[in-house]
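The values are calculated or read from the model by the stated rules, or taken from the named source; none is laboratory data. If you're wondering where the values come from, they're calculated on a predicted model, not measured in any experiment. All Cβ positions, glycine included, derive from the backbone under ideal geometry; neighbour counts span all protein chains shown. Accessible surface is based on the protein model in full, side chains and every heavy atom, while ligands, DNA and RNA are left aside. Shrake-Rupley method; radii C 1.70, N 1.55, O 1.52, S 1.80 Å.
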Amino acid sequence: MGIKVAQPLITICILLMILMACTTTDSDPVEPAVNLFGDVTGVVLDESGNAYQSIEVSLKKAGETVEIAFTDSNGTYMMNDVEVGNYNLSISIPLGSEITNTNPRSITIQDAATTTANFSVSIRSNAAFYVLAPKDPLKEVR
């Protein structure tokens, strides 16, 4: 009878040793999941606080455009899930306007955070508008 009782006891001991070997201890912590993305938002307004709609906002990293957004009717733009890191953010403004703060500007996207970058634009009173036309009219080629 001693042999029959010993076999299940040995099996239980082996299973416990395997289970203990598979569990982590304080010396072997499990790394938590890391969110490596953030958001960028802001507004483009004139000096009176009026919104600039349909302004192109470009986000570049190492000279390469990684995302483009356009302002809505409130002058607001939003870029979601941007990889963390350092970027240059710039806007393209209408002819006859000038940006009254830094363009492009350096921003840092941080983990699970929203970075806000607002732009101010003013209309130049002495703005000149030009219409470009070809020197020679287009000719039909047959």
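Give segment 18-63 a look and list any residue that's among the aromatic types (Phe, Trp, Tyr) and at pLDDT 95 or above, or say none.
Phe37 - this is the single residue of segment 18-63 that is among the aromatic types (Phe, Trp, Tyr) and at pLDDT 95 or above.
Considering segment 91-110 alone, what residues qualify as being more than 17 Å from Val66 (Cβ to Cβ) and not hydrophobic (A, V, I, L, M, F, W, C)?
Result: Pro94, Gly96, Ser97, Glu98, Thr100, Asn101, Thr102, Asn103.
Name the residue that is modelled with the lowest pLDDT, counting only residues in segment 64-106 that are more than 18 Å from the chain's Cα centre (by Cα) and open to solvent by less than 30 Å² (accessible area, probe 1.4 Å).
Out of the qualifying residues, it is Gly96.
Quick one: in segment 114-126, of everything that is open to solvent by 30 Å² or more (accessible area, probe 1.4 Å) and among the small types (Gly, Ala, Ser), which residue is modelled with the highest pLDDT?
Step by step, filter segment 114-126, then rank; the result is Ser120.
I'd like to check something: does segment 102-115 contain any residue that is of a type outside the set (A, V, I, L, M), in contact (Cβ under 8 Å) with a residue 40 or more places away in the chain, part of a strand (DSSP E or B) and closer than 11 Å to Gly42 by Cβ?
There is at least one residue in segment 102-115 that is of a type outside the set (A, V, I, L, M), in contact (Cβ under 8 Å) with a residue 40 or more places away in the chain, part of a strand (DSSP E or B) and closer than 11 Å to Gly42 by Cβ.
Would you mention how many residues in segment 46-98 are touching a Ser or Thr at 6+ places or on another chain (Cβ under 8 Å) and free of Cβ contacts under 8 Å to residues at least 12 places away in the same chain?
Residues in segment 46-98 being touching a Ser or Thr at 6+ places or on another chain (Cβ under 8 Å) and free of Cβ contacts under 8 Å to residues at least 12 places away in the same chain: 1 in total.
Taking segment 68-98, which residues are part of a strand (DSSP E or B), of a type outside the set (Val, Ile, Thr) and over 14 Å from Val43 (Cα atoms)?
If the condition is that a residue be part of a strand (DSSP E or B), of a type outside the set (Val, Ile, Thr) and over 14 Å from Val43 (Cα atoms), then Asn80, Asp81, Glu83, Gly85, Asn86, Tyr87, Asn88, Ser97, Glu98 are the ones that fit.
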